[in-house]
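Just below is one structure, and these are the notes that go with it.
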Protein chains: 4
Amino acid sequence: MSTATLQNTKWQSCIDACMRCAEACEFCATSDLREQDVKMMATCAQINRECAVVCWTSASLMSMDSQFAKQFCRLCADICDACAQECDRHNVDHCKRCAQACRSCAEECRRMAR
Amino acid sequence: MSTATLQNTKWQSCIDACMRCAEACEFCATSDLREQDVKMMATCAQINRECAVVCWTSASLMSMDSQFAKQFCRLCADICDACAQECDRHNVDHCKRCAQACRSCAEECRRMAR
Amino acid sequence: MSTATLQNTKWQSCIDACMRCAEACEFCATSDLREQDVKMMATCAQINRECAVVCWTSASLMSMDSQFAKQFCRLCADICDACAQECDRHNVDHCKRCAQACRSCAEECRRMAR
Amino acid sequence: MSTATLQNTKWQSCIDACMRCAEACEFCATSDLREQDVKMMATCAQINRECAVVCWTSASLMSMDSQFAKQFCRLCADICDACAQECDRHNVDHCKRCAQACRSCAEECRRMAR
């Protein structure tokens, strides 16, 4: 096995965290739109959409072994923090799980970007 | 826990397979471009790029609990088949692993789309 | 100029329509979430999210000159139709403009996929 | 027409530049893979892939009127610069056009992020 084939494993736990976070954010946005009180969840749905697209892109760039992955993950961490903070304001299951996914992702992104 | 919060778990194994496949394809394309004989890998890199973008999108649509997820996954399965077939032609580790990820993804996509 | 360099111009009007549609859908979803009566717009926001991600991917696959672009655009057209139909139900400017972008996109996608 | 419906026009020229750049990068990568001397174009194809995914995401975030769009576009500009620099090394039409699209995009991203 050549060295090249082992490149993306170096970021595997961060790739996994970004994928989990993207998935949780997409689902949290969908769930927000299905809540009785949608209006209360509108800000949450919006930031979930933004966080999702950024996390998918982080996962993609790391999978490509991109030279820009670290800079990108630093920014991704900030967006995950903001999304976790918004989700923390809502006492519903999908927000709790999303906040947790966002915090794990922010932590992994900061670790890999060091 | 409301019913809504459990929606995306119904497709979890297919979401996972699409994420793994997208990751493997991105990395296989990068690895193709780093091979001694890049020319031999050019078709592989191209189909990897196409398969990756489609698998990320499948994962995203399923995470959103989209009404179009099944139709999308049917098409995704065909693209994964084509990518696996190309990767099977190359006796290098990243292609072998990518072919396997593509076949798992095609299988999961067909199962969920039934 | 080699033949290769002219490849993506063959689909240029469809690429443009997909980009415009993706942009309109993203903005329509954001605008839905800012409306006074968000609940009335929840279905619209959801389908806008789905249509956006599919249109970005169509634009990406056509830009890559993908062999799967036609199959993909056929599916994209159906999703655009569904999004236009939902937007038509709402008498607000962002929905009107989004419905129009969706219909143009569906038409272009069907034309290129013939 | 409400104020909300006018939000994304504020970034329209930057959204357009990001879309054009993403399209040019995807096509440049495809064209690289079709060149006689693929090996000489391997670095170009890689950075094109990275720049493409970042530019699609910038266009998406701006279309959503995201609060993170400015930070994101600052990073996007750096990646576009790097891609333009690599494309400038190759005397082929698709690289020339891609370099131009990258420079326009970098300029627009820096202007909007001020």
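Below, the figures for the structure above:
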{"item": "Per-peptide average of other Cβ atoms within 10 Å, ordering B:44-57, A:37-50 highest first", "result": "B:44-57, A:37-50"}
{"item": "Peptide D:50-58, shielding by other chains (average Cβ, 10 Å cutoff)", "result": "6"}
{"item": "Tilt relative to chain C, helix C:12-34 - C-alpha long axis, 0 to 90 degrees, to 10", "result": "20"}
{"item": "Given C:LYS70/D:LYS39; A:LYS10/D:LYS96; C:LYS96/D:LYS10; A:LYS10/B:LYS96, the pairs whose alpha carbons are separated by over 27 Å", "result": "C:LYS70/D:LYS39; A:LYS10/D:LYS96"}
{"item": "Taking B:HIS90, A:HIS94 and counting other C-beta atoms within 10 Å, the order from fewest to most", "result": "B:HIS90, A:HIS94"}
{"item": "Acute angle (nearest 10 degrees) that the helix A:42-63 long axis makes with the longest principal axis of chain A, alpha-carbon atoms", "result": "10"}
{"item": "Distance (nanometres) between label positions extended 7 Å along Cα→Cβ at C:GLN12 and B:THR43", "result": "3.0"}
{"item": "D from B by rotation - nearest chain B beta carbon to the axis, in Å", "result": "B:VAL38, 2"}
{"item": "Total charge dipole magnitude, the protein assembly as shown, about the Cα centre, Cβ charges on Lys, Arg, Asp, Glu only, Debye to nearest 20", "result": "0"}
{"item": "Label geometry 7 Å along the beta-carbon vector: D:GLN100 inter-copy distances in nm", "result": "3.0, 4.7, 5.3"}
{"item": "Per-residue Cβ neighbour rank within 10 angstrom, fewest leading, B:PHE72, D:PHE68", "result": "D:PHE68, B:PHE72"}
{"item": "Residue mean of other protein chain beta carbons inside 10 Å, B:69-75", "result": "3"}
{"item": "Top of C:SER58, C:SER13, C:SER104 by mean-square fluctuation, Gaussian network on chain C, Cα under 10 Å", "result": "C:SER13"}
{"item": "Value in Å of the Kirkwood radius, where chain D supplies the Cα pairs that are averaged", "result": "14.0"}
{"item": "Helix-only mean residue ellipticity at 222 nm for chain B, each DSSP H run of n ≥ 4 adding -39500 (n - 2.57), per residue, nearest 500", "result": "-27500 deg cm²/dmol"}
{"item": "Cα centroid of the range D:23-72 to Cα centroid of the range C:52-76, whole Å", "result": "16"}
{"item": "Alpha-carbon Rg with Dmax, taken over the protein assembly as shown, Å", "result": "20.2, 61"}
{"item": "Cβ charges +1 (Lys, Arg) and -1 (Asp, Glu), total dipole of chain D, debye", "result": "340"}
{"item": "For B:LYS39, inter-copy label distances in nm, listed shortest first [label point 7 Å out on the Cα-Cβ vector]", "result": "0.9, 6.7, 6.7"}
{"item": "Charge dipole (chain D, unit charges on Cβ, about Cα centre) - positive-most of D:HIS94, D:PHE27, D:SER63", "result": "D:SER63"}
{"item": "Nm distances between copies for B:GLN67, ranked from closest, using label points 7 Å along Cα→Cβ", "result": "3.2, 3.4, 4.6"}
{"item": "Percentage relative contact order, chain D, counting C-alpha pairs under 8 Å, at least six apart", "result": "33"}
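Taken together, the values in this text are just the output of simple stated rules run on the coordinates, not laboratory data. Keep in mind that this is a model prediction, so the values were computed, not measured. Note that each Cβ is placed from the backbone with ideal geometry, even for glycine, and that neighbours are counted across all protein chains shown.
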